[in-house]
Every structure is written in structure tokens, then in C-alpha cells.
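**Student:** Dropping the structure in here first, questions after.
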Amino acid sequence: MSTDAIVLLKEDHKEMRRLFREFQKAEEGPASRRQELVNQILEALTVHTYLENEVMYPEVRKLLPDLEDDILESYEEHHVADLLCAELAAMDASDERFVAKTTVLIENVEHHVEEEEQQWFPKVREALGRNQLQEIGERMIAMRKDAPRTLDDPKARKSQVDAATA
């Protein structure tokens, strides 16, 4: 398994895309299946966002101040996704707006992922190199097992507040 931070984040992105496709296939199916998939999406996003907010973004911001505007935009995109996630967590899958809200979340996350993978990650890889990315990745791996799984976890809330004031 790679310890490269960008590789790890791309693996998370791949898993989220898989969950998004599963949700889209289940839109017309039973509400219980949609609920199950959204719960999985919310958990995956919570863990991923936590690792980016607590490790990747602060480290890159410190090492590459020229990318600060990109990082601030990413924090704001996370904030929007967090709001949608919180609303979805409080909804029932049978709610008439559940699919629409999930679709908006998916579109926002896909936009964020595309920007990271196409624009931001190449800049970070070029500037930091393999050793630094592996060190960042090792920290992310160590934090993953204790990362919050739900937005109401105090660690997730602290991470959101820290990101909002970064």
C-alpha cells in the first residue's frame, strides 16, 4: 500500500465515486437502500474531509504558501459539503428532497475532486516530491483509524471550526 498522500486521497475519491454511482442506480429503488448508501457516503466524506483539513491542507499551506488561495477555496468547498451532509444526516430517505439534496452533494463533491486531481494535486506533487508526500501520507494513515465517522463527532466539529477559521 502506498503512503503517498495524493495516492491515498485519490483512493478515497475513487471510493466516493463508486458510492455515488451506486446511489444513482438506487434512486428509483427502495428508500432503505438510498439511506444505506447516503450513510456510507457521509461516513466516507467525513473521514476524507477530516484528513484533508487536519493533515494535508495545513501541511501544504505551510510548505507552499503560493497555493494558499487554492486551499482556502477547498476549505470553503468542504464547508458547503458539510452543510449538505448535516442536512442529509437529519433527513429520512423517503423525504421528497432527499434525492435532490444528495444529487447536489454529489455534484459539489465531484467538482471539488476534479479540481483537486486536475489542478491542485499536480502542483503539490511537483513542489513537494515523493518523500514529503509519503511523510504526509503516513500521518494521514495514522489518523484515519481514529478519524470521526459522523459529523456529530466532536473531532469532526472541531475540524470544521478550525477549517472555517483557517
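**Student:** Which of the residues that make up the range 9-20 are loosely packed, with under 13 Cβ neighbours inside 10 Å and within 11 Å of Ile41 (Cβ to Cβ)?
**Tutor:** The answer is Arg18, and nothing else.
**Student:** Moving on to the next point. Give Leu64, Leu151 a once-over and let me know the one that is at pLDDT 95 or above and not small (Gly, Ala, Ser).
**Tutor:** The match here is Leu64.
**Student:** Out of contact with any helix residue (DSSP H, G or I) (no Cβ under 9 Å at 6 or more places or on another chain), acidic (Asp, Glu), more than 30 Å from Lys25 (Cα to Cα) and without any contact (Cβ under 8 Å) to a residue 12 or more places away in the chain: which single residue out of Glu126, Glu96 fits that description?
**Tutor:** Glu126
**Student:** Still on this model: Taking the condition of being acidic (Asp, Glu) and within 27 Å of Ala31 (Cα to Cα), how many residues in the range 99-121 meet it?
**Tutor:** Residues meeting the conditions: 2.
**Student:** With Gly129, Gly29, Gly137 as the choices, which residue is on the phi < 0 side of the Ramachandran plot and surrounded by fewer than 16 Cβ atoms within 10 Å (Cβ to Cβ)?
**Tutor:** Just one listed residue meets the conditions, Gly29.
**Student:** Let me ask something else about it. For the range 103-135, how many residues meet the condition of being aliphatic (A, V, I, L, M) and under 14 Å from His48 (Cα atoms)?
**Tutor:** The number of residues fulfilling the criteria is 2.
**Student:** Only one residue in Glu28, Glu76, Glu96 is part of a helix (DSSP H, G or I) and among the charged types (D, E, K, R), so which one is that?
**Tutor:** Just one listed residue meets the conditions, Glu76.
The values are calculated or read from the model by the stated rules, or taken from the named source; none is laboratory data. Just so we're clear, the structure is a prediction, and the values are computed from it rather than from any experiment. Here Cβ is always computed from backbone atoms with ideal geometry, including for glycine, and neighbour counts include all displayed protein chains.
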